[in-house]
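Written out below as structure tokens is the structure these notes cover.
The values are calculated or read from the model by the stated rules, or taken from the named source; none is laboratory data. Note that the structure is predicted; figures quoted are calculated from it, not measured. Note that we place each Cβ from the backbone using ideal geometry, even for glycine, and neighbour counts take in every protein chain shown. Side chains are part of the model used for accessible areas, which takes the heavy atoms of the whole protein and leaves out ligands, DNA and RNA. Shrake-Rupley method; radii C 1.70, N 1.55, O 1.52, S 1.80 Å.
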Amino acid sequence: MRRAEGFVFLTVLSGFVLHLSAVNVSAQNVLQERQISLGLAQDAATAAVERCRKDGFRVAVTVVDRAGQIKTLMRDDGAGPHTTDTSRRKAYTALTLRSSTAELAQRAATNPGAANLKDITDVIFLAGGLPIRSGTEVIGAIGVGGAPGGDKDEACAQTGIDKIGERLK
């Protein structure tokens with residue numbers, strides 16, 4: 001049985017019901033999602049690099065959009081070659097798990113069930129990645145790699161978010 005209005009779909013094959021679902025037609029409309037812009041991503045990354053540089057650290061900063069794709073990546077002069085990949089993975093982890101990577105590392109250390117999350121491709125449990133929110137909606141993330149400690153990476157990432165905070169509303 002299939003109604004034209006789209007509220008009930010029933011598929012029958014050889015007398016067996018394979019699928020029965022109530023579908024609200026309005027749920028099939030075009031989605032509207034907030035997305036971090038290139039300008040916001042660049043401003044956040046620049047502020048994070050400047051903060052780390054001021055503190056004496058040479059880092060890489062990556063900002064990803066809500067799909068986990070790189071929006072901008074900056075590697076400061078003198079930053080190690082590994083910092084670009086680390087910053088990208090921190091941003092990706094913060095985005096996909098919607099939490100700071102420092103919090104995720106702590107959860108993995110105290111909850112054996114959460115420890116397996118590290119096995120997901122590109123997930124890394126090192127502090128320095130933060131989700132970027134517009135209200136309660138995660139629209140991107142920032143990751144910083146290269147400072148001598150994840151807490152320092154995270155402080156630089158937070159500076160980047162603070163720089164664009166008013167424009168996230």
- [ ] Measure off 7 Å from each Cα along the Cα-to-Cβ vector at Gln32 and Arg53, then give the distance between these two points in nanometres to one decimal.
- [x] 3.9
Task: Hydrodynamic radius of the range 100-153 per Kirkwood, over alpha carbon pairs, in Å - done: 11.9
TODO: Give me the percent of the accessible area of the range 55-159 that comes from carbon and sulfur atoms, probe 1.4 Å, all protein chains in place.
DONE: 49
Open item on the list: If you count only protein heavy atoms and use a 1.4 Å probe, how large is the accessible surface of Thr84, to the nearest 10 Å²?
Closed with: 40
Open item on the list: Suppose we look only past 24 Å in the calculated P(r) of the range 44-163. What percent of the Cα-Cα pairs does that tail hold?
Closed with: 17
- [ ] Past 22 Å, Cα to Cα, is the threshold; run Lys90/Lys118; Lys71/Lys169; Lys71/Lys163; Lys118/Lys169 against it and keep the listed order.
- [x] Lys118/Lys169
Task: Using a Förster distance of 30 Å, the FRET efficiency for Ala114-Asp77 (Cβ separation, nearest 0.05) - done: 0.20
Task: Additional length obtainable on full extension of the chain from Glu166 to Asp122, 0.36 nm per residue less Cα span - done: 12.8 nm
